[in-house]
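Worksheet: the structure to be examined is printed underneath.
The values are calculated or read from the model by the stated rules, or taken from the named source; none is laboratory data. Note that the structure is predicted; figures quoted are calculated from it, not measured. For neighbour counting, all protein chains shown are included, and Cβ atoms are generated from backbone atoms with ideal geometry for every residue, glycine included. Each accessible area value is taken on the protein alone, full model and side chains, heavy atoms only, with ligands, DNA and RNA left out. Shrake-Rupley method; radii C 1.70, N 1.55, O 1.52, S 1.80 Å.
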Amino acid sequence: MALVRVGGRRAEDGGRDEGEVVTERAAVTAFLARHGIDYERWTPAHAVAADAPAEAILTAYAREIDALKGRGGYVTADVIDVRPETPNLDMMLAKFSREHWHDEDEVRFIIEGRGLFHVHPSEGPVFAIEVEAGDLIRVPRGTHHWFDLCGERRIRAIRLFQDVSGWTPHYTDSGVDAGFEPVCFGPAYVTRR
Ligand SMILES: [Fe+2]
């Protein structure tokens, strides 16, 4: 179940403004919808192991993938697999941890692991979305955002594309990303409050 944190900017004294965390599913969905971001849970998850071959994952979720393709004009789907031992992981992550936007939607269904999207809306404060297994998220084309992995540096996700060439990041070079720590907050964070 995804969580949203609004604010959380690095404070001038070196600490961090804790921001406001939205945890309730309907509230998360409504908050994201106000920013044009689709959020769904695909439950129950299909009976396919999280470490199954990519083809098995795509086959298991074929019905959901086809429904999304029909809604969004996506033509291809693949499975991205990132682990701590992935070669050149830091270089790969650095491409997406700076504020950028794409010519097409960023659509991800999380199979395993976690990740943190920061979104910088045209109006209102930056917010973070922590996604985990079972979460589907669609960040519309043109949305300013950046992405980090959580501490376990693991994510496996289905990606959908309208046109693979459209997924090249366009960097804003705004520097806004530097004001936010890539800190995942998760259930532990929520219960500590
Ligand atoms: Fe992106």
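Some observations on this one:
- Extended-chain gain in nm, criterion 0.36 nm per residue less alpha-carbon gap, VAL176 and HIS46: 43.0 nm
- Label sites at MET92 and ASP163, each approximated as a point 7 angstrom past Cα along Cα to Cβ, lie 2.6 nm apart.
- Charge sum, other residues only, whose C-beta stays under 11 Å from ASP103's C-beta, Lys/Arg counted +1 and Asp/Glu -1: -3
- Radius 11 Å from Cβ of PRO84, net charge of other residues (Lys, Arg +1; Asp, Glu -1): 0
- Taken over segment 111-179, the convex hull of the Cα atoms encloses 109 Å³ per residue.
- Cα centroid separation, segment 123-141 to segment 49-112 (Å): 14
- With bins 5 Å wide beginning at 0, the percent of Cα pairs of the chain falling in each bin runs 1, 7, 16, 20, 22, 17, 10, 4, 1, 0, 0.
- Fraction of accessible area attributable to carbon and sulfur, the chain (%, probe 1.4 Å): 53
- For segment 42-192, a simple Cβ point-charge model (Lys and Arg +1, Asp and Glu -1, everything else neutral) yields a dipole of about 240 debye relative to the Cα centre.
- Taking the C-alpha atoms only, the angle from helix 62-72 to the longest principal axis of the chain is near 60 degrees.
- Taking all pairs of distinct alpha-carbon atoms in segment 139-181, Kirkwood radius in angstrom: 13.0
- Residue order for SER97, SER165 - accessible surface, 1.4 angstrom probe, largest first: SER165, SER97
- Segment 56-124, Cα convex hull volume normalised per residue, Å³: 140
- Interchain or long-range residues, amide H under 5 Å from GLY19's placed H: GLY8
- Efficiency of FRET from Cβ geometry, ALA62 and ALA33, R₀ 35 Å, rounded to 0.05: 0.85
- Heavy-atom accessible area, probed at 1.4 angstrom with all protein chains present, ranks CYS184, CYS150 as CYS184, CYS150, highest first.
- Packing, taken as the mean count of other beta carbons within 10 Å per residue, orders the peptides 107-117, 81-91, 154-164, 173-183 from highest to lowest as 107-117, 154-164, 173-183, 81-91.
- Between the listed residues PRO169, VAL21, THR86, the Cα displaced farthest toward the positive end of the dipole of the chain, a dipole computed from Cβ unit charges relative to the Cα centre, is found at VAL21.
- At a probe radius of 1.4 angstrom, the accessible area of segment 77-162 per residue rounds to 38 square angstrom.
- Packing, taken as the mean count of other beta carbons within 10 Å per residue, orders the peptides 127-134, 56-63 from highest to lowest as 127-134, 56-63.
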